[in-house]
Amino acid sequence: MLDSLLKLKVGSPLTLFQQMPEALSFERMVRTFRGDLYSAVLKRLRRLLSLSSDVIVTQRDMFLLVVNEWNSNISQLSETELRVLCSYVRHPSESIDGIASMAGVSYAQARRARGRLVNSGILRLEGVLNTSALGLERLLVRLENPSLVISSPYVEKTLFVDGASSVVMQVFLCPCEHVPEVVSLVRSLRSSSESATVWRLAAGFLSCSPFYYDFSSRGWRVDAVHLGMALRGSYEAISIGRASASVQARPRLGAADVRLIDRLRNEYRAPASHLAEATGLSESTVFKRRAVLTSHDGLVLPRARPHLPLLTGRVMLTAPPQSAGRILETASLLPMSFVSQIHNLESPSEARVIALVALPAESLRSVLDVMRYEVSAVDAITIDSIAAGHTECMQIESMYDCPTSSWRWNHGDFVDVRGYSVVRREAEGSAIPLDLVT
């Protein structure tokens, strides 16, 4: 492994004794590392061996060393990079010129910062579905202490809360005409769980805050004492209007459209030549259909996806309107957050504000302790530490039937239930989504 690092350092091709899936990103790690990755890993290895020399170091151990050093290195952002990242998260459709203006940097600085953020994987520009134009509803199913959970290709995100009371939250993209069936399914799950509710989930927004970023050490240092003081403040109640159901649109999509939508969700700004190769379409067809699909009110909308490897802690805050000001203030201070609102489908007047926040793992315990201490039962704020998660985007090409212009739906084939323990084992602590919208 060290020989491979040295070869890549001098520009030679990579050769590994055993091919691993992770090795596909190995060259990118070497290319995007700020400094000398070979020297950094060698220094770390010597430190480990000084603790215990009588050990066998495997290739897998070495790769983990490389990953850990790289994760730490790329998470160290300069002030310009952080400004550009925050601007892109809030305004993903802006040009580099517009981002430079918002971030207060020059065009050249914004271009270089964006290049490093994209090349290292910290920033991805993906596409999210315009559900109302596609005849879909975005639902959030919450199950407490369940023995069964929903299994469906329409379920795109799943979050798990472990502890004395286990909680599962699932984001379900549902054809509008079949929402009543999902509500009935959730009701039936109440016999196998302490609580089962289904909510309409708004698109919400992502934000990135430099408030707790320490530029001297180039890392986030969340001050739990200050956070507690902020939570102690007085905030006005938030006004949330009643959510209306999406129009039951029946979009007429062709085979070219569904192929392109699936690709645009992963790579919103991919070159036409790349999309043509991936979909088997001509470049002229890609140009024409992409222009329609990504128009202002198109079927695919831009969404920035920030990913900082050291921000692995996840906390979900849920509050009624009268207490929502507290969690909105909290979310605005923490490094990364997704904020949205949900409305109970069985009681439309019941609404909540939710905030899923990302923070350094080492700050998780102190932040949770402060939050739970400062928030009283009167506030009716729920605080959940997310232990694991799972993301699997629905394939539009598989689920949309072009001849009938409708979504495929067979309750037995496409919507079912599985045992909680089985689904929980499949989730990973390192794969917890931040953005609940796809």
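So here's what we get for this one:
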| item | result |
| --- | --- |
| Residue ID - nearest to the chain's Cα centre (by Cα), chosen from residues in the range 289-323 that are under 21 Å from Ser95 (Cα atoms) and among the basic types (Lys, Arg) | Arg305 |
| Ile354 vs. criteria part of a strand (DSSP E or B) and in contact with a helix residue (DSSP H, G or I) (Cβ under 6 Å, 6 or more places away or on another chain) | no |
| Among (1) assigned to a helix (DSSP H, G or I); (2) in contact with a Ser or Thr (Cβ under 7 Å, 6 or more places away or on another chain) - the single one Val168 does not satisfy | (1) |
| Single condition Trp199 does not satisfy, out of (1) under 27 Å from the mean Cα position of the chain (by Cα); (2) surrounded by fewer than 18 Cβ atoms within 10 Å (Cβ to Cβ); (3) modelled with pLDDT of 95 or more | (2) |
| Elements of type helices (runs of 4 or more DSSP H) in the range 85-163, at least 2 residues being outside the structural domain of Leu311 (by TED's automatic domain parsing) | 96-103, 107-119 |
| Unique match (being part of a strand (DSSP E or B) and small (Gly, Ala, Ser)) among Ala270, Ala304 | Ala304 |
| Qualifying position, being among the small types (Gly, Ala, Ser) and within 22 Å of the chain's Cα centre (by Cα), among Gly163, Gly98, Gly121, Gly104 | Gly121 |
| Filter result for Leu310 (of a type in the set (A, V, I, L, M), over 20 Å from Tyr213 (Cα atoms) and either in contact (Cβ under 8 Å) with a residue 24 or more places away in the chain or crowded, with 22+ Cβ neighbours inside 10 Å (or both)) | no |
| Pairs with Cβ under 9 Å, 6+ apart, first in the range 349-376 and over 19 Å from Pro210 (Cα atoms), second in a helix (DSSP H, G or I) and among the polar types (S, T, N, Q) | Val353/Ser323; Met371/Thr330; Val375/Ser323 |
| Residues being assigned to a loop (DSSP other than H, G, I, E, B) and either within 20 Å of the chain's Cα centre (by Cα) or not aliphatic (A, V, I, L, M) (or both) - total across the range 381-438 | 24 |
| Yes/no for Ser323 being assigned to a helix (DSSP H, G or I), surrounded by fewer than 17 Cβ atoms within 10 Å (Cβ to Cβ) and of a type in the set (Ser, Thr, Tyr) | no |
| Residue count for the range 372-393, restricted to those that are aliphatic (A, V, I, L, M) and at pLDDT below 90 | 5 |
| Among residues of the range 65-84, those that are of a type in the set (A, V, I, L, M, F, W, C) and either over 23 Å from the mean Cα position of the chain (by Cα) or not in a helix (DSSP H, G or I) (or both), counted | 3 |
| Breaking point among (1) in contact with a Lys or Arg (Cβ under 8 Å, 6 or more places away or on another chain); (2) modelled with pLDDT of 95 or more; (3) crowded, with 22+ Cβ neighbours inside 10 Å, for Leu148 | (3) |
| Output for the range 106-144, where each listed residue is in contact with a strand residue (DSSP E or B) (Cβ under 8 Å, 6 or more places away or on another chain), free of Cβ contacts under 8 Å to residues at least 60 places away in the same chain and of a type outside the set (A, V, I, L, M) | Arg114, Arg142, Glu144 |
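Residue-by-condition table, conditions (1) touching a residue at least 24 places away in the same chain (Cβ under 8 Å); (2) in contact with a Gly (Cβ under 7 Å, 6 or more places away or on another chain); (3) of a type in the set (Ser, Thr, Tyr):
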site	(1), (2), (3)
Pro180	no, no, no
Ser188	no, no, yes
Ser193	yes, no, yes
Ala202	yes, no, no
Ser216	no, no, yes
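The values are calculated or read from the model by the stated rules, or taken from the named source; none is laboratory data. Keep in mind it's a predicted model, so treat the numbers as computed, not measured. Cβ sites come from the backbone with ideal geometry, for glycine too, and all protein chains shown count toward neighbours.
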